[in-house]
Amino acid sequence: MYAQLVKTAGTGVKTREEMSDEERNFQDRVDRDEKIEPKDWMPDDYRATLIRQIGQHAHSEIVGQLPEGNWITRAPTLERKAILLAKVQDEAGHGLYLYCAAETLGVSRDELTEELLSGRMKYSSIFNYPTLNWADIGAVGWLVDGAAIMNQVPLQRTSYGPYSRAMIRICKEESFHQRQGYDIMMKMAEGTEAQRRMAQDALNRFWYPSLMMFGPSDKDSVHSAQSLAWKIKIDTNDELRQRFVDQTVPQAKYLGLTIPDENLKWNEERGAHDFSEPDWTEFFNVIKGKGPCNVERMEARVNAWEDGAWVRDGLLAHGRKKSAARTAAE
Amino acid sequence: MSKEWPLWEVFIRGQHGLSHRHVGSLHAPDAEMAIKNARDVYTRRNEGVSLWVVEAQHIAASSPEEKGPLYEPSNSKVYRHPTFFDIPDEVGHM
C-alpha cells in the first residue's frame with residue numbers, strides 16, 4: 001500500500017439524519033457507484049482526505065524510484081538494465097498521473113512538492129529500506145509491487161473519477177513490474193548456491209517491511225470507516241495483508257525460498273494463512289523518519305528539486321517569451 | 001507570477017480512424033515540451049498514433065449544476081431514436 005496512515009478528515013461516518021441535503025445526495029451517488037468528478041459538489045473532508053491520500057500515493061511513486069534507480073548502473077546485463085530503466089520510468093509516470101489527479105481537487109503541484117520536501121506529507125515506509133544487492137531488485141518487484149497491486153486493484157473502483165482512472169492506467173502497467181521482479185527471483189533461485197542465498201536474504205529483509213506497507217490494523221478505526229463509506233478505501237488493511245500473504249506463499253514455495261516466519265501456516269478453518277505481525281514499533285520509527293534511508297531519500301528529493309530550479313525557470317522564461325512573440329505577431 | 005509550469009490536457013488518437021480522446025494532463029513550459037512530455041508520460045506502450053495538447057485554461061466546460069437544463073430536454077424526444085417506430089416484419093430490414 002502506497003498510502004499508509006492517511007488521516008481521514010472529519011469525525012467519522014454521519015447518520016443520514018445528521019447529513020445535510022448535499023451530503024445525503026453525495027453519499028447516495030457514491031452508494032450507487034456513480035463517479036464523483038472534479039466540479040461536482042463534495043464534502044470538504046472528502047476533498048481534504050483525498051488530497052492527502054492521492055498526494056501520499058504520488059510521493060511514494062516518485063521516492064520509490066530511488067531504491068531501484070540505485071541499480072540501473074549496476075544491473076547484471078544490458079537487457080536487465082533496459083528493463084529496470086523502463087520500470088523506473090513507469091514509476092515516474094505513475095507519480096505524474098497521481099499528481100494530476102490530486103490537482104483536480106484544487107491543490108497545486110508546487111504545494112504538493114513543498115509538502116513532501118518539508119516532511120509534512122509522507123511517502124510509503126517501504127522506500128526507506130536500502131537495496132543492498134541485485135536480488136533486492138527482484139524482491140522489490142515481486143513483494144513491494146505485489147503489495148502495491150493488492151491495494152491498487154480495488155482502488156480502480158474508487159469513487160473519485162480522476163483517481164479511479166489513474167489507478168486503471170497504473171494497474172495495467174504494474175503487473176509488468178511484479179513479473180520482472182519474480183523473473184529476477186527465479187533466475188537467482190535457480191542459480192548458484194551464492195545466488196540462492198542472496199535471494200533468500202532479500203526475502204528475509206523485505207518480507208516484514210512489505211507486510212507493513214498495508215499499515216497497522218484499522219478494522220476498528222472510525223476514520224477508516226469513513227473512508228470506506230466514501231469508497232476511497234475499498235478493503236481494510238488486514239484484508240489486504242491477508243490476501244497478500246495468501247498469494248505470496250505459493251510463489252515463495254515455487255522459488256524454493258522460505259518465508260521468514262515460523263508461525264506461518266495454513267489455517268483450514270479460516271481458509272487462509274496464519275502469520276506473524278510485523279514489528280509495529282519499527283514501522284512507527286520508520287514513519288517518524290528513523291528508518292535506514294529516510295535522510296538519504298529526502299536529501300535526494302530536495303537536491304533534485306533545488307538543482308533543477310534553473311532548468312524549470314529557464315524553460316518557463318523561454319515559453320513565455322515565445323508566447324509573447326506569437327501574440328505580438330498576430 | 002507563479003513559477004509553476006502551465007497545465008496541459010492531453011488527447012490521444014489511439015488508432016487510425018478513431019477520434020482523439022482525453023487521457024490526462026501534465027505540466028509543461030510550452031506546447032512543444034508538452035507534446036514531448038505527453039509522449040513520455042502517456043504513450044510508453046503504443047497507446048497512440050497522434051497527440052493533441054491544449055492548455056487547460058483554454059478549455060471551457062459545462063458546469064454540473066447545468067446538467068438538468070442542458071441534457072434533460074432530450075429525454076422527452078424519444079422519437080429521435082429509430083426504435084421509437086414500429087416497422088412491420090414484412091417490410092424487411094430498414
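Read-outs throughout are calculated quantities, based only on the coordinates presented, and are distinct from any laboratory measurement. All values derive from a computational prediction rather than experimental measurement. Counting neighbours? That spans all protein chains shown, and the Cβs are built from the backbone with ideal geometry, glycine included.
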- [ ] Considering (1) free of Cβ contacts under 8 Å to residues at least 12 places away in the same chain; (2) surrounded by 10 or more Cβ atoms within 10 Å (Cβ to Cβ); (3) among the hydroxyl-bearing types (S, T, Y); (4) facing another protein chain (nearest Cβ under 10 Å), say which one B:S25 fails and leave the rest.
- [x] (1)
- [ ] State yes or no: is B:H16 exposed (fewer than 13 other Cβ atoms within 10 Å of the Cβ), within 18 Å of the chain's Cα centre (by Cα), more than 8 Å from chain A (Cβ to nearest Cβ) and touching a residue at least 12 places away in the same chain (Cβ under 8 Å)?
- [x] yes
Open item on the list: One residue is enough: does region A:317-328 have a residue meeting the conditions surrounded by 14 or more Cβ atoms within 10 Å (Cβ to Cβ), hydrophobic (A, V, I, L, M, F, W, C) and either in contact with a Leu (Cβ under 6 Å, 6 or more places away or on another chain) or within 14 Å of another protein chain (Cβ to nearest Cβ) (or both)?
Closed with: no
Task: Subset of region B:29-40 that is under 11 Å from B:V10 (Cα atoms) and crowded, with 22+ Cβ neighbours inside 10 Å - its residue that is farthest from the chain's Cα centre (by Cα) - done: B:A34
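Could you check region A:185-277 for helices (runs of 4 or more DSSP H) lying wholly inside it with 3 or more residues that are in contact with a Pro (Cβ under 6 Å, 6 or more places away or on another chain) and on the phi < 0 side of the Ramachandran plot?
On the way: elements: A:193-212, A:222-229, A:237-255.
In region A:185-277, the matching helices (runs of 4 or more DSSP H) lie at A:193-212.
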TODO: Kindly list the number of the only condition in (1) surrounded by fewer than 16 Cβ atoms within 10 Å (Cβ to Cβ); (2) over 21 Å from A:A229 (Cα atoms); (3) of a type outside the set (A, V, I, L, M) that fails for A:E68.
DONE: (1)
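Just one of A:R16, A:R52, A:R80, A:R32 is closer than 26 Å to A:K187 by Cβ and more than 14 Å from chain B (Cβ to nearest Cβ); which is it? Outline the logic, then answer.
On the way: A:R16 fails: closer than 26 Å to A:K187 by Cβ; A:R52 fails: closer than 26 Å to A:K187 by Cβ; A:R32 fails: closer than 26 Å to A:K187 by Cβ.
The unique qualifying residue is A:R80.
Specify the residue that is farthest from A:K288 (Cα to Cα); the eligible residues are those in region A:2-31 that are assigned to a helix (DSSP H, G or I) and charged (D, E, K, R). First the steps, then the outcome.
Taking region A:2-31 and keeping what is assigned to a helix (DSSP H, G or I), we get A:21-31.
Still in the list and also charged (D, E, K, R): A:21-24, A:28-29, A:31.
Details: A:D21: 40, A:E22: 38, A:E23: 35, A:R24: 38, A:D28: 38, A:R29: 37, A:D31: 36 Å.
Among them, the one singled out is A:D21.
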TODO: Determine which single condition A:G95 fails, assuming it passes every other condition in (1) out of contact with any Pro (no Cβ under 8 Å at 6 or more places or on another chain); (2) within 14 Å of chain B (Cβ to nearest Cβ); (3) not in a helix (DSSP H, G or I).
DONE: (3)
